[in-house]
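Encoded as structure tokens, the structure appears first; notes follow it.
The values are calculated or read from the model by the stated rules, or taken from the named source; none is laboratory data. All of these numbers come straight from a predicted model, not from anything done at the bench. When we count neighbours, we look across all protein chains shown, and the Cβ atoms used for this are built from the backbone with ideal geometry, even at glycine.
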Amino acid sequence: MNVLKYKGYEGTAEIDMERQVCRGKVLFVKDLVTYEAKSPSRLQEEFEKAVDDYLETCANLGRKPERQFRGQFNVRVSPEVHRAAALRAVTDRVSLNEIVARSLDLLLNSTAEVNHHLHLTIEDDGPQFKSLTSSSSEIPKWETATNGHSH
């Protein structure tokens with residue numbers, strides 16, 4: 001989904017094929033603030049007008065416009081995940097809140113590449129396979145040993 005941004009607000013950008021218009025709504029405010037345009041090139045302009053209208057309406061009503069985030073929210077997880085997170089917090093000597101914040105930061109701001117490595121030793125009466133080393137970009141390589149000598 002494309003996200004439009006203006007004055008600290010975000011909004012959606014969608015295509016309504018049935019009505020043949022582009023449309024969206026301002027995200028993360030309780031009031032329903034929508035906008036639409038005949039073309040994608042005009043949608044950003046309509047979004048900005050909608051945000052400005054929302055801010056003006058709030059001023060006219062004498063109420064404070066919503067800022068999208070306070071930095072607090074409830075999280076519901078299984079009891080097992082809750083326990084594991086609480087134990088990690090005790091182990092790291094930090095609050096449970098810090099564990100959740102670190103976890104979210106890790107999820108949202110990092111990328112990871114997984115490399116699988118396998119070390120395997122098989123012994124039998126025949127030749128001994130000492131090790132197998134492999135990664136996703138290599139062909140596995142076996143080292144063998146017979147009577148204590150590598151081949």
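Identify all residues within region 32-50 that are among the acidic types (Asp, Glu) and surrounded by 18 or more Cβ atoms within 10 Å (Cβ to Cβ); write none if there are none.
Going residue by residue through region 32-50, those that are among the acidic types (Asp, Glu) are 36, 45-46, 48.
Once the filter is applied, which keeps residues that are among the acidic types (Asp, Glu) and surrounded by 18 or more Cβ atoms within 10 Å (Cβ to Cβ), region 32-50 yields only Glu46.
With respect to (1) exposed (fewer than 12 other Cβ atoms within 10 Å of the Cβ); (2) modelled with pLDDT of 95 or more; (3) of a type in the set (Lys, Arg), the lone exception for Arg83 is condition (2). With respect to Leu61, determine if the residue is under 20 Å from Lys5 (Cβ atoms) and surrounded by fewer than 10 Cβ atoms within 10 Å (Cβ to Cβ). Here the answer is no, as Leu61 does not meet what is asked.
Residue-by-condition table, conditions (1) in the same structural domain as Ala101 (by TED's automatic domain parsing); (2) of a type outside the set (S, T, N, Q); (3) at pLDDT 95 or above; (4) under 22 Å from the mean Cα position of the chain (by Cα):
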| site | (1), (2), (3), (4) |
| --- | --- |
| Arg23 | no, yes, yes, no |
| Asp31 | no, yes, no, no |
| Ser39 | no, no, no, no |
| Leu43 | no, yes, yes, no |
| Phe47 | no, yes, yes, no |
| Ala50 | no, yes, yes, no |
| Tyr54 | no, yes, yes, no |
| Arg70 | no, yes, no, yes |
| Val90 | yes, yes, no, no |
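Of all residues in region 1-20, those that are loosely packed, with under 15 Cβ neighbours inside 10 Å and touching an Asp or Glu at 6+ places or on another chain (Cβ under 9 Å) total 6.
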